[in-house]
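*Asks:* Below you will find the structure I want to go over with you.
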Amino acid sequence: MRFTPGFFLLAPDYWLLTPYDLMKILSAEFVISAPGSKQCPIDGRPQIAFAGRSNVGKSSLINAVLNRKHLVKTSATPGKTQLINFFVINGQFYFVDLPGYGFARVPRNVVDTWAPMLEEYLRDTPQLRAVVVLLDMRREPDERDSRMIAWLKHYNVPALYVFTKADKLNRQEFLRAEQTVSAGLGITERIIPTSATSGLGLDELRSRIFALLSGR
């Protein structure tokens, strides 16, 4: 056994987070864009994936969680993420940016490859610790959100449910949207309200992610 500076105590078969360093992001680097699970990293590092509609604010939220402004590229055109993008965090685990589904102005043949790509990744990645499912509070869920959640349940992948752009709603709108989304998707777990702009909910999301990484 040896100490790896900054985050984990690395052991042969498990990872432990130190309480002092639980929330510290010391480094975050882009690694690879993979067209499928066969091209994904296989070095054994645990992975946390982020999934959601093309315009849900995924890139902005990942940047906010990591305290970075431009690590994950944001775009005014929904659907720019067409591959599985890997970012190594603190040299110890991956954040995985999955292609957004729906509303993408890309060729139909490209869109048709996304569902098999996502399902293959969820099915064939033993290092995957959880998927952070992003839901826009201002939009009602549809069959694409339902399909993602069904895949996660089918392949026994833990999920963290997150509302994005929560700062855009007042309290009454928030409560109504929370009830609509939870009922529409059959979600009984807490849905963490977040905002990449105001920082709302980011500490709770980081804490939940790192708890999953440390097996707590």
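The numbers here are math on the coordinates, done by the rules we state, and not lab data. Just so we're clear, the structure is a prediction, and the values are computed from it rather than from any experiment. Every residue, glycine as well, gets a Cβ built from its backbone with ideal geometry; the counts of neighbours run over all protein chains shown.
*Asks:* Starting from the alpha-carbon convex hull of region 110-216, give the projected area averaged over all orientations, in nm².
*Replies:* On the way: hull surface 30.1 nm².
Result: a mean projected hull area of 7.5 nm².
*Asks:* Another question, if that's okay. Considering amide H positions built from the backbone, and no H for Pro or chain starts, which residues 5 or more places from residue 160, or on another chain, come under 5 Å of its amide H?
*Replies:* Hits under the 5 Å cutoff: 131, 132, 133.
*Asks:* May I ask you to evaluate 6.51 cos²θ - 1.76 cosθ + 1.60, the Karplus curve with θ = phi - 60°, for each residue of region 153-162 and list the ³J(HN,Hα) values in order in whole Hz, giving x for glycine and proline?
*Replies:* Going residue by residue, I get 5, 5, 9, 6, 9, x, 10, 10, 9, 9 Hz, with x marking Gly and Pro.
*Asks:* Computed FRET efficiency, Cβ-Cβ of residue 183 and residue 211, R0 30 Å: what is it to the nearest 0.05?
*Replies:* With a Förster radius of 30 Å, E is 0.65.
*Asks:* Also: Per 0.36 nm of contour for each residue apart, how much would the distance between residue 38 and residue 154 grow if the chain were fully extended, relative to their Cα-Cα spacing?
*Replies:* Contour length minus the Cα-Cα distance gives 39.7 nm.
*Asks:* Next question. Give me P(r) over region 27-213, computed from all C-alpha to C-alpha distances, binned every 10 Å, as integer percentages.
*Replies:* Per 10 Å bin, starting at 0, the Cα pair percentages come out as 9, 40, 39, 11, 0.
*Asks:* Can you work out ³J(HN,Hα) from phi for every residue in region 184-196, in order, using Karplus 6.51 cos²θ - 1.76 cosθ + 1.60 and θ = phi - 60°, giving whole Hz and x for Gly and Pro?
*Replies:* Result, ordered by residue: x, 10, x, 8, 9, 6, 5, 9, 6, x, 9, 8, 5 Hz.
*Asks:* How many nm separate the modelled label positions at residue 171 and residue 29, each set 7 Å beyond the Cα in the direction of the Cβ?
*Replies:* A separation of 4.7 nm, rounded to one decimal place.
*Asks:* Using θ = phi - 60° and the Karplus form 6.51 cos²θ - 1.76 cosθ + 1.60, what ³J(HN,Hα) does each residue of region 46-59 get, whole Hz, x for Gly and Pro?
*Replies:* x, 10, 10, 9, 10, 9, x, 4, 4, 10, 7, x, 5, 4
*Asks:* Roughly what % antiparallel, to the nearest 5, for the DSSP beta bridges in region 27-213?
*Replies:* Bridges in region 27-213 are about 35 percent antiparallel.
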